[in-house]
Amino acid sequence: MFREATPAERQRYYREEWRLNDVPDFILATIAQREFGFDHRGEGPNDRYNRIATPAQLEGMLINTAPYAAYASVSFYEKPEKREGWLGAELVFDVDAKDLPLRSCSCSPGEVCEVCLAEAKEYILEVADVLRDDFALKELHFVYSGRGYHLRVLDEEVLHMQSPERAAVLDYVAGGVVPEPELLELRRGYPRVFRMRMLRLLSLLNLETLRSGGVPLKQADALLNPKTLRRVANELEEGSFATLKETLRSKGFAKFLELVRRINAEMLDAKVTVDVKRILRLPSSLHSKVSMKCVYIKNMERFDPFKHAVPRFVQERG
Ligand SMILES: [Zn+2]
């Protein structure tokens, strides 16, 4: 598992297993407006500025060249082969299990396992909830990227947003800004999102993390008491910080808010969301570095990367 695919395995994958049907309709329908990028030898996607006119052309290209990796832009162009005539771009959120700032598994940096992949999935679902509830967005599509998840938003009203607006939505859904003190306990809107993100972090906190954020040792110790943590969690759901403030004192509390903000901001890859000319791994293609499929997910609840993203050649490696 997670071993690099050989050129022979890549060829076998594209000839025997890859199906045009596995490319989502939202890409096939706009194929001629997207820029395609390919990585032929595992050196990064340096073959860019490609226009692919039809699904059949994509099929021929992938089967004949079995690339190390294939990408399509989230943006639409009049001339994708020149990246000219920008017509809009999907709004995208990218969570990579290997880059999660806090994980409850014991993966080394750069590695992923069932536990952190499940944490990445749970997190991207929380992001989607906020986009639906607070922004009334509906066209949300999930993709398993090979080591994490992409959430691609295709609602008409997001397509023409520029980078600063995308950055603002990112800050909102991620909890990347500390709310004004007088708004912290607000029942709805952004302060609620920030509290929910804080709530998720509580179970992953340890002394080292709290100390790295400048929370004094004595207060950090007190917070990590399981009873205290439980009370803090219950209060956060109600919109109250009483126990948290009492335990951390005012200096520790301020440091803690800043720590939560920093960790929140590291959950998603901001560059992916803000860049309006980004290329993203093509759903259906092979992530050769880890020998997993990039999969367009139709049913997120039932999706399990170890069942649905493992190519046949890996199952047969033994
Ligand atoms: Zn892990």
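Where a number appears in this text, it was derived from the coordinates with a stated rule and is not lab data. Small disclaimer: the values here were computed from a predicted structure and weren't measured. Heads up, the Cβs are rebuilt from the backbone with ideal geometry, glycines too, and the neighbour counts pull from every protein chain shown.
Computed values, structure above
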item	result
Positive-pole candidate from Thr209, Tyr71, Pro179, dipole of the chain, charges at beta carbon	Thr209
Sparse-neighbourhood loop sites, trypsin sites (Lys or Arg not before Pro) in the range 248-284 - DSSP loop, at most 13 other Cβ within 10 angstrom	Lys277
Dipole in debye (nearest 20) - the range 181-267, about Cα centre, beta carbon charges: Lys, Arg +1; Asp, Glu -1	20 debye
The chain: DSSP helices with Cα axial extent of at least 20 Å and average Kyte-Doolittle hydropathy no lower than -1.0	114-135, 242-267
Anchor Lys255: aspartates and glutamates whose Cα lies under 20 Å away (excluding residues fewer than 8 positions away in-chain)	Asp171, Glu180, Glu182, Glu185, Glu208, Asp221, Glu235, Glu246, Glu266
Within a Gaussian network of the chain (alpha carbon springs, distance under 10 Å), most fluctuating of Pro55, Pro164, Pro179	Pro164
Amide H contacts of Ser240 (H built 1.01 Å from N, under 5 Å, at least 5 apart or other chain)	none
Residue of Val193, Val260, Val290 that the Gaussian network model of the chain assigns the largest fluctuation, springs spanning Cα pairs under 10 Å	Val290
Sequence-distant residues sharing a close amide H with Trp86 (under 5 Å, placed H)	Glu78
Sum of -39500 (n - 2.57) over DSSP H runs of 4+, divided by residues of the chain (222 nm, nearest 500)	-12500 deg cm²/dmol
Loop chymotrypsin sites (Phe, Trp or Tyr not before Pro), the range 21-105, which have at most 11 other Cβ atoms in a 10 Å radius of their Cβ (DSSP)	none
